[in-house]
Each structure stands twice: as structure tokens, then as C-alpha cells.
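Below: the structure, in C-alpha cells.
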Amino acid sequence: MDETALIRDAQNGDLDAFNRLVLAYQDALYNTALRILGDPEQAADATQEAFISAFRHITSFRGGSFKAWLLRTVTNACYDELRRQKRRPTTPLEPETDDEEEIESPRWLADSSMTPEQKAEADELEHAIQHCLNNLPEEFRAVVVLADIQGMDYSEVAEAARVPLGTIKSRLARARLRLRECLQGFWELLPAQFRLGEGANA
């Protein structure tokens, strides 16, 4: 994918070019929104709002990381949703059926190679992570999702969050400490990549 050419075409009003960019980044934006909001339906709405906003304002993109630019857009959409709620989200990660029964195995956790026991452990891990993320202040939650889940480097997170690099480092340090304390009871279940603060980029 020639991202630069697609962006240029999209800035000239080419909807097909923009749709190709959407396909490339929709999973990253949705997963970011899901971690921040903790609710699949709200995450889908925020992702849609983010892409609509991105298309309307794509002429304002002046280079740099397009992914960071998009993630800033979806993070702002999530903040708007949280402000509308005027409360922290408490909805469980699992979506519900039309009968309001939780789906035991969400599609994004499905892995045919996992045993039932491994799936149960993965479900419990997801509950623990989302519960602890939900308990973080909004600004902490966003930076830890962008850095530790989306894998963005600190400068990209700073660009996405529109705050100084030093602030990002401070927020991440405090967010990781709170997450580590919250997840202590689930420590044995955590794979290495979620042991926050160990081997993190500087």
C-alpha cells in the first residue's frame, strides 16, 4: 500500500482511496476505542465517528505518522463519548446477545488452537485487563492503550495525545504502576507482554 499516494488522493476527494486507508487502520482504531471505552457498541460508534471526522479534516494532515493522526481522532471520539456518559464505563468487555446474555467467546478472542482451559484463562485475563483499564483516569487509559497495546513509540503517543513527551512518560509510569497494582491478583495468568514496565521502550 502506497500510503502517501492514498492520502494525497483522499485529500483530493477520492473516497475509494480513503476507504483503502480505512481498511488498513480500522482494526487498530476499533481496538483502541474498545480498550478505552470497554464497550463494543460504543467502540464501533467511536471508530465510525473518527473516520468520518478524519475524512472531513484530512486536508489538515500535513505529514508525520498518519496512524498517530488517526489514533488521536479516535481517542478524541472516545473522550467525547465518556463526557456524554459523565461516568466511567462499567460495561463488561463481552458483547451481549439480543436477549442481554453475555457471549462467552467474543469473536476477537476466538482462537481455534486454544484448549477450553486456555480460552477460559484468556477470558479471565481480558476481564482483568479491561477492569483495571476502566479504573484508570481517562488520560492515563489513553496513553497506556496507545503505547502498550497499540505498540506506538513515545513520540507517536505524544503526537496522538497532543501533550509533551515528558508528560507522556510521566503518565505512562503512573498508569503502569496502577495497572500493576490492580493486576497483582491475576499475575500468574499474565503473559510476558502484559507485565507492564518490564522491558518497556524508553
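The values are calculated or read from the model by the stated rules, or taken from the named source; none is laboratory data. Here the structure is a predicted model, which means the values were calculated and not measured.
The residue that is nearest to Pro137 (Cα to Cα), counting only those in region 45-86 that are of a type in the set (Ser, Thr, Tyr) and modelled with pLDDT of 90 or more, is Thr75.
Taking into account only those residues within region 137-152 that are among the hydrophobic types (A, V, I, L, M, F, W, C), under 18 Å from Ala28 (Cα atoms) and in a helix (DSSP H, G or I), which is modelled with the lowest pLDDT? Checking each candidate, the answer is Ile149.
Out of Leu165, Leu196, one residue alone is within 27 Å of Asn76 (Cα to Cα) and either modelled with pLDDT of 75 or more or assigned by TED's automatic domain parsing to the domain that holds Leu37 (or both). It is Leu165. Taking the criterion of being in a helix (DSSP H, G or I) and of a type in the set (Lys, Arg), the residues of region 153-175 that qualify are Lys169, Arg171, Arg174.
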